[in-house]
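Engineer: Structure provided below as structure tokens; questions to follow.
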Amino acid sequence: MKKKYILFNFDENCRIDNKLSSRENYNVLEFAPSFFKMKVERFNSVKDFLIHVFWFVLTKRNYRIAYIIHDEKIIHYSYVIPKTFKISFMSQNDLEIGPCYTDPKYRGQGIFPYVVKYLIKKYNDSCKTFCMIAVENNIASQSGILKAGLRKSGVVYKNLFGIYRVVSSQN
């Protein structure tokens, strides 16, 4: 059985509050991968390396990784990805935020929506629509996405080749 994913959008119909609040004053850093440095820290495995090579090639090195460091450790990261064949329903100036990850010790502190709001504010002038995709049963991610100001906009499935297709839309 295929995994069902919920699609979220932030577009001209959405509003974001002007306050970027988080329980601590975290500094969001951004990393622009290059051929010789595709990741902020060292690779954990061959699979980790191949994933970064995949994104580097797929986006023609045109993506960013926003991250937060606390106690000399990355506690959160969010990719900012332009339209690719993998997310074919996006328009040319749209951006996808994700994949995202927050260290389990730091979850529930508002870090995830804080970073998403930060990215929307930063790229809002150059982007028409932001999208995010969450697995249907990942209620925590969905809650964080909604707190960041995005709205549910449909359902997507990944095909055999890992390409997301919209199967229903709530526009």
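Engineer: Of the conditions (1) in a loop (DSSP other than H, G, I, E, B); (2) within 15 Å of the chain's Cα centre (by Cα), Asn137 clears all except one; give me its number.
Structural biologist: (2)
Engineer: What's the total number of residues in region 111-148 that are touching a residue at least 40 places away in the same chain (Cβ under 8 Å) and either surrounded by 15 or more Cβ atoms within 10 Å (Cβ to Cβ) or closer than 24 Å to Tyr67 by Cβ (or both)? Steps first, answer last, please.
Structural biologist: Quick first cut of region 111-148, residues touching a residue at least 40 places away in the same chain (Cβ under 8 Å) only: 111, 114-115, 117-121, 123, 128-136, 141-142, 145-146, 148.
Now drop any that are not either surrounded by 15 or more Cβ atoms within 10 Å (Cβ to Cβ) or closer than 24 Å to Tyr67 by Cβ (or both), which leaves 111, 114-115, 117-121, 123, 129-135, 141-142, 145-146, 148.
Going through region 111-148 one residue at a time, the tally reaches 21.
Engineer: Between a residue in region 149-171 that is outside any strand (DSSP E or B) and any residue that is surrounded by fewer than 14 Cβ atoms within 10 Å (Cβ to Cβ), which pairs come within a Cβ distance under 7 Å, given they are 6 or more apart or on different chains?
Structural biologist: From region 149-171, the pairs are Gly149/Arg15; Asn159/Arg165; Ile163/Phe85; Ile163/Ser88.
So that you can scan it fast, the table gives a plain yes or no per residue for (1) touching a residue at least 40 places away in the same chain (Cβ under 8 Å); (2) not hydroxyl-bearing (Ser, Thr, Tyr):
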site	(1), (2)
Val53	no, yes
Arg61	no, yes
Arg64	no, yes
Ile68	yes, yes
Lys83	no, yes
Ile87	yes, yes
Ser91	no, no
Pro99	no, yes
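Engineer: Still on this structure, I have one more. Only one residue in Asp48, Asp94, Asp103 is charged (D, E, K, R) and crowded, with 17+ Cβ neighbours inside 10 Å, so which one is that?
Structural biologist: Checking each option against the conditions leaves just Asp94.
Engineer: Let me ask another. Taking into account only those residues within region 1-44 that are aromatic (Phe, Trp, Tyr) and surrounded by 13 or more Cβ atoms within 10 Å (Cβ to Cβ), which is modelled with the lowest pLDDT?
Structural biologist: Step one: filter region 1-44 for residues aromatic (Phe, Trp, Tyr), giving 5, 8, 10, 26, 31, 35-36, 43.
Checking which are surrounded by 13 or more Cβ atoms within 10 Å (Cβ to Cβ) leaves us with 5, 8, 10, 26, 31, 43.
Numbers: Tyr5: 91, Phe8: 91, Phe10: 88, Tyr26: 81, Phe31: 87, Phe43: 70.
The residue in question is Phe43.
Engineer: Take the conditions open to solvent by less than 20 Å² (accessible area, probe 1.4 Å) and either out of contact with any strand residue (DSSP E or B) (no Cβ under 6 Å at 6 or more places or on another chain) or assigned to a loop (DSSP other than H, G, I, E, B) (or both) and apply them to Gly108. Does it pass?
Structural biologist: Values: open to solvent by less than 20 Å² (accessible area, probe 1.4 Å): no; either out of contact with any strand residue (DSSP E or B) (no Cβ under 6 Å at 6 or more places or on another chain) or assigned to a loop (DSSP other than H, G, I, E, B) (or both): yes.
Here the answer is no, as Gly108 does not meet what is asked.
Engineer: Would you say Lys73 is more than 22 Å from Arg15 (Cα to Cα), open to solvent by 30 Å² or more (accessible area, probe 1.4 Å) and of a type in the set (Lys, Arg)?
Structural biologist: yes
Engineer: OK, next. When you go through (1) on the phi < 0 side of the Ramachandran plot; (2) at pLDDT below 90 one by one for Gly162, which number turns out not to apply?
Structural biologist: (1)
Engineer: Scan region 45-89 residue by residue and report those that are farther than 15 Å from Tyr101 by Cβ, of a type in the set (A, V, I, L, M) and in a strand (DSSP E or B).
Structural biologist: Of everything in region 45-89, nothing turns out to be farther than 15 Å from Tyr101 by Cβ, of a type in the set (A, V, I, L, M) and in a strand (DSSP E or B).
The values are calculated or read from the model by the stated rules, or taken from the named source; none is laboratory data. Quantities reported herein were computed from a predicted structural model and do not represent experimental measurements. All Cβ positions, even for glycine, are placed from backbone atoms using ideal geometry, and neighbour counts span all protein chains on display. Quick note on the areas: whole protein, heavy atoms, side chains included, nothing else; ligands and nucleic acids left out. Shrake-Rupley method; radii C 1.70, N 1.55, O 1.52, S 1.80 Å.
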